[in-house]
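Heads up: the structure comes next, in structure tokens.
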Amino acid sequence: MAAVRTQTLSQPARLNVRAWLAFLFGFVAAGVIPAAIELTRKVPGAVLLDAVWAIPVAAAAAIVSLLFARGARGEIARTLEPVGGAGLIRLGRILAVAGICVTLSASIAVALYELLLRLEH
């Protein structure tokens with residue numbers, strides 16, 4: 001009996017676009033509030049409370065990042081072709097959770113500030 005030698009050619013991993021989008025939106029979620037705070041320091045006439053607009057942007061970006069991460073993980077599980085992006089999914093989730101934490105802390109800070117202003121008058 002002769003042994004047959006088979007050669008498997010490994011295909012490069014396909015680009016997982018959802019994993020990249022999860023990373024991108026996670027990066028936005030984690031960075032938009034600190035960037036808005038720094039922007040209020042650089043713009044003359046702007047006060048720190050002007051950075052409040054970044055809170056809903058960060059919250060929305062974090063939610064979108066988590067949704068893209070879920071879709072990317074499903075794409076990896078569904079396909080038979082090698083699809084990369086597991087590291088990007090993990091990083092996107094970490095950044096999204098960090099964005100949610102920064103969003104919640106900024107929301108609490110603004111709410112407490114408004115409460116103190118109302119109690120002062």
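Can you name the condition, by its number, that Ile108 falls short on among (1) modelled with pLDDT under 95; (2) over 18 Å from the mean Cα position of the chain (by Cα)?
Result: Ile108 fails condition (1) only.
Return the residues of region 75-114 that are closer than 18 Å to Val52 by Cα and open to solvent by less than 50 Å² (accessible area, probe 1.4 Å); say none if nothing qualifies. Don't jump to the end; show me each part of the working.
Our first condition is that a residue be closer than 18 Å to Val52 by Cα; within region 75-114, this holds for 98-114.
Ala98, Gly99, Val102, Thr103, Ala106, Ser107, Val110 - these are the residues of region 75-114 that are closer than 18 Å to Val52 by Cα and open to solvent by less than 50 Å² (accessible area, probe 1.4 Å).
Mind listing whichever residues of region 39-49 are over 14 Å from Val110 (Cα atoms) and open to solvent by 70 Å² or more (accessible area, probe 1.4 Å)? Can you show your working first?
Narrowing region 39-49 to residues over 14 Å from Val110 (Cα atoms): 39-46.
Of everything in region 39-49, those that are over 14 Å from Val110 (Cα atoms) and open to solvent by 70 Å² or more (accessible area, probe 1.4 Å) turn out to be Leu39, Arg41, Lys42, Pro44, Gly45.
Only residues in region 98-117 that are on the phi < 0 side of the Ramachandran plot count as the first member; pair them with residues that are of a type in the set (Ser, Thr, Tyr) and at pLDDT 95 or above, Cβ under 8 angstrom, at least 6 apart or cross-chain, and list the lot.
Gly99/Ser65
So Gly74 fits all but one of (1) out of contact with any Asp or Glu (no Cβ under 6 Å at 6 or more places or on another chain); (2) at pLDDT 90 or above; what number is the exception?
With respect to (1) out of contact with any Asp or Glu (no Cβ under 6 Å at 6 or more places or on another chain); (2) at pLDDT 90 or above, Gly74 is out only on (2).
The values are calculated or read from the model by the stated rules, or taken from the named source; none is laboratory data. Small disclaimer: the values here were computed from a predicted structure and weren't measured. Because the Cβ atoms are built from the backbone with ideal geometry, glycine has one as well, and the counts that use them run over all protein chains shown. Each accessible area value is taken on the protein alone, full model and side chains, heavy atoms only, with ligands, DNA and RNA left out. Shrake-Rupley method; radii C 1.70, N 1.55, O 1.52, S 1.80 Å.
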